[in-house]
Amino acid sequence: MLGVVLHGQHAAPLTKPASKLADRQDLKIPSEDPDYGDLGQAFPAWTGARQDAILQPPKPEITPSPQILQRVMDRNADLEAAE
């Protein structure tokens, strides 16, 4: 709904849920000790997921064994001979 502006009868249904959410943001969790005050918001605002990158070290470069290198060279030679 980003960039969408509602007017008239379409905007009215959205104001009721928005006002309920605003009312819930003001609710506090009471403490068991009345002299202590409250424990914080009952429904804290959701700030969304963090979008930080997951940093990982680079993967180590693995050198193929001599047998694998020979097989690749043999396969390439077979492909060139078939052409």
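In the set (1) hydroxyl-bearing (Ser, Thr, Tyr); (2) modelled with pLDDT under 80; (3) in a loop (DSSP other than H, G, I, E, B), TYR36 fails one condition alone, (2).
Remark: pairs (first residue in the stretch 29-50, on the phi < 0 side of the Ramachandran plot; second residue at pLDDT 80 or above and surrounded by fewer than 10 Cβ atoms within 10 Å (Cβ to Cβ); Cβ separation under 7 Å; 6+ apart in sequence or on different chains) = ILE29/GLY40. Hey, could you check the stretch 24-35 for residues that are exposed (fewer than 10 other Cβ atoms within 10 Å of the Cβ) and more than 18 Å from THR47 (Cα to Cα) and say which is nearest to the chain's Cα centre (by Cα)? That would be GLU32.
Residue-level check: of (1) modelled with pLDDT of 80 or more; (2) surrounded by 10 or more Cβ atoms within 10 Å (Cβ to Cβ), HIS10 misses just (1). Within the stretch 37-80, restricting attention to residues that are closer than 30 Å to LEU21 by Cβ and of a type in the set (A, V, I, L, M), the residue that is surrounded by the fewest Cβ atoms within 10 Å (Cβ to Cβ) is ALA49.
The values are calculated or read from the model by the stated rules, or taken from the named source; none is laboratory data. All values reported here derive from a predicted model rather than from experimental measurement. Cβ: placed from backbone, ideal geometry, glycine included. Neighbour counts: every protein chain shown.
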